[in-house]
Amino acid sequence: MADWFNERVVDAHRLPLFCFFVALITAFLCTRVNVRLIRARTRWFGNVSVGEMHIHHVVFGVVLTLLGGVAGLILSGVSQGWYSFSSAVFGVGAALVLDEFALILHLRDVYWQEEGRTSVDAVFVAIAATGLLLFGLHPLGWDGGTTADDWTAPAFLVVNLVFAVITLLKGKIWSGLLGLFVPPSLYVGAVRVARPGSPWARWFYSERARRPRPRLMAKAVHREERWRRPVIRVKIAVQEFVSGRHDLPAPESPESPVRGHRRRAVVPRPRRGAERGAERAGRHWRSGRPRAR
């Protein structure tokens, strides 16, 4: 194991990337454990607040990402050890930022709502992409070793990029991301039928398209129900195991009343002076006699 690590990581100059990868996973898991314990109201570190303002951990993530990135630029030529340490700091900051990616996307706190699963997807994408880079795979099959007279490598890069865009427009996010490192996945994803809710389906399959294709839309819906839905359920189960349920109502604070309990509206009784004022107001303002009804 040590020989493999020295050969594939240290000798290949991937130690900073490995430290970023480990720090990203560790910080994400620790953050999720922390927020789940806070949500369960256990005796644990609570939320960070300044007065009445709650400080989200994305703020700390931005600070750590900035510090780790700038330190990496300074220490990259000084020492590989310090460069790896700055990469780990960058990984911790990236985990804190991506864990609240849904908050940045929606500009509101949707951490424990359905939209909050976007943050978990973003973290999984970052972990998968970093892992593939750590294994030595290159995006779109480009390794950077081209010459001025060699035009096949740039052409291959452009073709793969076009297939990647088509695959992503067809709504196949994971196939497109995997295809960035394994190009045959792009070819399969670009040829197959698009997902029903994807931009490609709206442009070429739906009734709003110039040439609607109801058969392809029906085929896309059938494949979505037959194959995609079970995969989504498995993915949601994995997300809930790692990060907790996102469709549960937020727990009530101890100071707030129990949900569903309504307080009675208490109508204050008028004072005696107010009653006398109401009687006088019923009289005529000149003669003092009561108004004729």
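Name every residue in the range 115-128 that is open to solvent by less than 30 Å² (accessible area, probe 1.4 Å) and farther than 13 Å from residue 236 by Cα, in order of residue number.
Within the range 115-128, 122, 123, 126 qualify.
What number of residues in the range 85-114 are among the charged types (D, E, K, R), part of a helix (DSSP H, G or I) and surrounded by fewer than 18 Cβ atoms within 10 Å (Cβ to Cβ)?
Residues in the range 85-114 being among the charged types (D, E, K, R), part of a helix (DSSP H, G or I) and surrounded by fewer than 18 Cβ atoms within 10 Å (Cβ to Cβ): 1 in total.
For residue 49, all conditions in the list (1) outside any helix (DSSP H, G or I); (2) on the phi < 0 side of the Ramachandran plot; (3) open to solvent by less than 40 Å² (accessible area, probe 1.4 Å) hold save one; what is the number of the exception?
(3)
Write out, first by first residue and then by second, each pair whose Cβ atoms fall under 8 Å of each other, whose residues are 6+ apart or on separate chains, and whose first residue, in the range 27-56, is within 16 Å of residue 245 (Cα to Cα) and touching a residue at least 60 places away in the same chain (Cβ under 8 Å) while the second is among the polar types (S, T, N, Q) and part of a helix (DSSP H, G or I).
From residues that are within 16 Å of residue 245 (Cα to Cα) and touching a residue at least 60 places away in the same chain (Cβ under 8 Å), the pairs are 32/243; 36/243.
Scan the range 183-199 and report the pairs whose first residue is part of a helix (DSSP H, G or I) and whose second residue is open to solvent by 60 Å² or more (accessible area, probe 1.4 Å), with Cβ atoms within less than 7 Å and a gap of 6+ or a chain change.
185/178; 186/163; 187/163; 190/163
Give me the residue from the range 129-169 that is within 19 Å of residue 9 (Cβ to Cβ) and buried (at least 16 other Cβ atoms within 10 Å of the Cβ) and, out of that set, modelled with the highest pLDDT.
The residue in question is 130.
Exactly one of these conditions fails for residue 73: (1) open to solvent by less than 50 Å² (accessible area, probe 1.4 Å); (2) modelled with pLDDT of 85 or more; (3) more than 23 Å from residue 242 (Cβ to Cβ). Give me its number.
The single condition residue 73 does not satisfy is (1).
The values are calculated or read from the model by the stated rules, or taken from the named source; none is laboratory data. In this text the structure is predicted, and so the values were computed from the model without any measurement. Cβ sites come from the backbone with ideal geometry, for glycine too, and all protein chains shown count toward neighbours. Just the protein is used for accessible areas: all its heavy atoms, side chains included, with ligands, DNA and RNA removed. Shrake-Rupley method; radii C 1.70, N 1.55, O 1.52, S 1.80 Å.
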